[in-house]
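Quick note: the coordinates plus some simple rules give every number you see, no bench work behind them. Note that the structure is predicted; figures quoted are calculated from it, not measured. Note: ideal-geometry Cβ built from the backbone for every residue, glycine included; neighbour counts use all protein chains shown.
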Amino acid sequence: MKKLNFLCSELSGTGGTETILIKVLNHLIDNYEVTLTLSNVPEKREWLDKIDRKVKINMFKGNNNISKLLFILKLFLFEKNTDYISLSPKMILLGSKIKKIFNKNYQIISWFHLSLANQDVFDTDHTLPCADGHLAISNVNRRELLNMGVTEERIRLIYNPTEKNEILPQNCNNEMRIFYAGRIVLGTPKNLRELLNGINNIDNVYLDIYGGGPDLEKGKELANNLGITDRIKWHGWTSKLWEEITERPDALIMTSNSEGFPMIMLEAISRGIPVITSNFDGYDSIIKEGINGYSYELGNIESMKEAIEKLRENKLSPEKVKDSISRFYSDSYFENLDEAIEYFVN
């Protein structure tokens, strides 16, 4: 049986990438011997328990960079009959060099989960093009790869998967309640400073915030300074978001400067919840204006206010909201994924 090794670095254990990995790894074990290689020990490890026991998990547990390099080198040098799907640009570059120097015949495929252009964590321009193929999670990622000089035949657009869920029962309160779920970062990329300033300028809107992050206390301080503390509830990070949200909020709100592919959008929409979002590059891969949500001009508080008022005035059908993302539901996604992997590694 053909072997696939998924290479990951710097996973926290709480993000959307981990959610997708669980689904993909558990799906692929029917046709491949699957390994997950982690270059760090995630801060939260509960998600690993959701991975099928047939998946082998390799995890580097040290903190020495040379030892970590040797840990990765051994994979490329000594594993047999194995192809690699890498979420780490640095591992793509390393694997590509080893392949050329030692005349290895494996394939190394990129599967990057952030916006390629609007981030400063990885040098994507000089690493990702070294891959033999690319699984693109959005139209934006596909365009960014093309702009790097990657040819069309080396890219397969697969998006990300979400499950069909039951539409949540309607919120019984009369007030408008919207929610945010994600890392608490006031600046780039989550841009929560804009969200809090927006709430300050919109009457009779209440905000639930789920998540933790580096700016949690600063966010609470800003909310207090704006005088909106009584309209915000800070729930903290949770691994069981959809067990805590039992009634349908009026909307999910996102104010991001950039996103790779926001899984929380799909998770909300699949439950009949519309989305208010900034018009970051690629938002329109998911959002259909007036059907499953509304967008606003990034950086424009008045535009955000108008989008929220549109939603308040036009009650969107939760059934139509849910049906608007049919191409992202698992059956369609896994069919595309299987074809893409077979194209690259068989």
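Sort 329-341, 48-60 by the packing proxy (mean of other Cβ within 10 Å over each peptide's residues), most packed first.
Descending mean neighbour count gives 329-341, 48-60.
Give me the aspartates and glutamates in straight-line cross-link reach of LYS97: C-alpha distance below 14 Å, same-chain residues under 8 apart excluded.
Leaving aside aspartates and glutamates fewer than 8 places away in the same chain, those within reach of LYS97 are ASP132.
Ordered by residue, what ³J(HN,Hα) values in Hz, to whole numbers, does the stretch 157-167 give under the Karplus form 6.51 cos²θ - 1.76 cosθ + 1.60, where θ = phi - 60° and Gly and Pro are x?
8, 10, 6, 9, x, 9, 8, 6, 10, 6, 5
In degrees from 0 to 90, rounded to the nearest 10, what is the angle of the helix 89-101 Cα long axis to the longest principal axis of the chain?
The answer is roughly 10 degrees.
Non-local amide H neighbours of LEU157 (under 5 Å, H modeled in plane, Pro and chain starts lacking H): which ones?
ALA136
Please order SER295, SER88, SER110 by the number of other Cβ within 10 Å, starting at the fewest.
The fewest-first ordering by Cβ neighbours comes to SER295, SER88, SER110.
What 222 nm value per residue comes from the helices of the chain, counting each DSSP H run with n ≥ 4 as -39,500 (n - 2.57) and dividing by all residues, nearest 500 deg cm²/dmol?
That comes out to -10000 deg cm²/dmol.
Step through the table entries LYS44/LYS74; LYS3/LYS56; LYS23/LYS164; LYS23/LYS240; LYS68/LYS90, compare each Cα-Cα distance with 18 Å, and write down the pairs that go over it.
LYS44/LYS74
Reachable lysines from LYS220, Cα under 17 Å, same-chain residues fewer than 8 places away excluded?
Filter leaves LYS190, LYS233.
Could you tell me whether the stretch 108-241 comes out rounded, prolate or oblate from its Cα gyration tensor? Rule is a ≥ b ≥ c as square roots of the eigenvalues, rounded for a/c under 1.5, then prolate if a/b exceeds b/c, otherwise oblate.
prolate
Rounded, prolate or oblate for the stretch 265-333? Axes are the square roots of the Cα gyration tensor eigenvalues, ordered a ≥ b ≥ c, and the cut-off for rounded is a/c under 1.5.
Verdict is oblate for the stretch 265-333.
Under the rule of at least 5 residues apart or a separate chain, name every residue whose amide H is placed under 5 Å from the amide H of ASN58.
LEU36, THR37, LEU38
Can you give the angle from 0 to 90° between the axis of helix 330-345 and the longest principal axis of the chain, with both taken from C-alpha atoms, to the nearest 10?
30 degrees
What are the GluC sites (Glu not before Pro) within the stretch 271-322 that DSSP puts in a loop, where the Cβ has at most 13 other Cβ atoms within 10 Å?
Qualifying residues, ordered by number: GLU297.
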